Each structure stands twice: as structure tokens, then as C-alpha cells.
Amino acid sequence: MARQTFWKGYLKLSLVTAAVSLTPATTESNKVRFHVLNRQTKNRVESRYVDSVTHKPVAERDQVKGYPRGEDDYVLLEDEEIEEVGLESTRTIDIDSFVPCGSIDWIWYDKPHFLAPEDKVGVEAFCVIREAMKANDVVGIARLVLYRRERAVLLEPLGKGIILWTLRFGDEVREPVAELDSKAEVDSQLLTLMKQLVKEETKDWSPEMVQDPIQKRLKSMIRSRQRSLKKTAPAQKQAPVKSTGNVINIMDALKKSLAGEGGGKPR
């Protein structure tokens, strides 16, 4: 299945520009998803916004965002006002700085995306930017509007392409709860045994190590339930077709056509 391109724009470094496209590097398409149904009717249940006091549905045109400043007191903001304070979506990834590879801790990394040149004209510019980052052992930092929010992004050369990571915001990463006592000493004999155990359990990386067992069990359960439903479902007998004198089957129609019915001569 072809990857879905969900963003197109330009990669820019100083005066060098390349047309590029972004595709998500991860997918949840294989995840088991359920619909919520009415147990009695088996109809799907709809989710709607309702007024918390009157319990009446609220039309989309009457919905507005509110920031609480007190009990039952809100500052109201329209969507247009919120969008105006964000970065203008210029569709350009303008690399404004570089940092050494490995200098950003993994906890800041959010979502990965594949960045690729969009046309033959931009391939050379794209490759020059990628190889320059590799040669200097750095990653690029830029800002971009994605998922309706302005985000800091990191561009990391990888093979023939570039991985674009969205980075977490500063207030999303918490400080460590506690630090270990730096003066604590490790028993040398215990360390020797633990190092041996770690060495024995070391294997080559494989995606099989991070498979989701819950999803596998759910899919197995669903397949089993489907089989049982097929076995217990009553067989529906097809009602016999009554001849009206005008209806004929395809074989008869073909034979009559070949026989030249309707004034033609048999062949």
C-alpha cells in the first residue's frame, strides 16, 4: 500500500530550496478498532456535543472555545483569533540552526515523518542539504505548522532521505522525580554477574521484539467469534425462481443468439 502524503512544501537552507513532501513514518492502520453500538438495536451510537445544563444538542456554529477564569466564567476565543497568533503556514521548512547529533535527548522526540524530494528538480538541492548535515554530524532545527499547531521540528539525515521529527514542547517534558545517590557503590561481584547475564541475553534487534500481544489476541478472538457466528447462523434458503415465460438464463440466451433467433439462419 502506497504511503499517504499529507504535507507538501519546500525545504529551505539559505538560498537553497527543494520541493519536498512529508509522509508519516508510523501507522496505526493495523490496530483493532471498535464501533460503539446500541446493544438492543445493534445500531451505531453517535457522539454529540450537548449543553451541560439544558442537555440539548449544540450546533457546530454555536460552539466556541472558552478559557476558564473562574466558576462558570470564561474568556471566549474564536477559532480565527487562535489561528492568528500562530506561525503563518508558509509551507516552508526553513532550517534556521543546527545542533550536534545526539545532543537532544530522546525524551524530546515526538513523531517521525519521512521527508523526500517531490520532483526531479529538487533532488539535487535535497541531497546537498542532507550530505552537508552528514558531513558536519549535525541535525537541523526548524519550525513548521503541523496538526494545526506550530511545532519545532528536527531534521535528521538517514540513508538516502531525511527523517523529520516533531519535538515536544518545553512544558511537556517533566523534570526527573528524583535522582539516585551518586555516592552509592555497586558490589563488584554483583556487577560481574549482571554483566555476564546481560551479555548472554543480548540479541540482534528485530521488530518482532516490539510486537503488540494484545492486538494479536484481540484479532484471534475476533476471528474465532466470526467463525462461530458462521457456524451458528441459520442457513438462508434461496426461494425458487418462478418462470414468467419472459425470463431466460444466460446459457439459453447465448444458444439462441448463436442459433440466429429472430429471423437469422442457424449456423
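Worth pointing out:
- Failed item, numbered, when Asp110 is tested on (1) of a type outside the set (Phe, Trp, Tyr); (2) out of contact with any Pro (no Cβ under 6 Å at 6 or more places or on another chain); (3) open to solvent by 100 Å² or more (accessible area, probe 1.4 Å): (3)
- Some residue of segment 70-78 being in contact (Cβ under 8 Å) with a residue 12 or more places away in the chain, open to solvent by 100 Å² or more (accessible area, probe 1.4 Å) and either part of a loop (DSSP other than H, G, I, E, B) or under 18 Å from Tyr147 (Cα atoms) (or both): no
- Number of the condition not met by Val53 [criteria: (1) closer than 30 Å to Gly140 by Cα; (2) assigned to a loop (DSSP other than H, G, I, E, B); (3) of a type in the set (A, V, I, L, M, F, W, C)]: (1)
- Residue tally, condition surrounded by fewer than 10 Cβ atoms within 10 Å (Cβ to Cβ) and more than 30 Å from Leu115 (Cα to Cα), over segment 25-42: 8
- With respect to (1) among the charged types (D, E, K, R); (2) closer than 25 Å to Glu156 by Cα; (3) in a loop (DSSP other than H, G, I, E, B), the lone exception for Arg48 is condition (2).
- Meets criteria (under 20 Å from the mean Cα position of the chain (by Cα), surrounded by 15 or more Cβ atoms within 10 Å (Cβ to Cβ) and either among the β-branched types (Val, Ile, Thr) or within 18 Å of Ala19 (Cβ to Cβ) (or both)) for Phe126: no
- Counting only strands (runs of 3 or more DSSP E) that sit completely within segment 129-185, those holding 2 or more residues that are without any contact (Cβ under 8 Å) to a residue 40 or more places away in the chain and surrounded by 16 or more Cβ atoms within 10 Å (Cβ to Cβ) correspond to 149-158.
- Boolean, Glu83 is part of a loop (DSSP other than H, G, I, E, B), among the charged types (D, E, K, R) and open to solvent by 100 Å² or more (accessible area, probe 1.4 Å): no
The values are calculated or read from the model by the stated rules, or taken from the named source; none is laboratory data. Worth saying up front: this structure is predicted, and the values here are computed from it rather than measured. Cβ sites come from the backbone with ideal geometry, for glycine too, and all protein chains shown count toward neighbours. These accessible areas exclude ligands, DNA and RNA; they are computed on the full protein's heavy atoms, side chains included. Shrake-Rupley method; radii C 1.70, N 1.55, O 1.52, S 1.80 Å.
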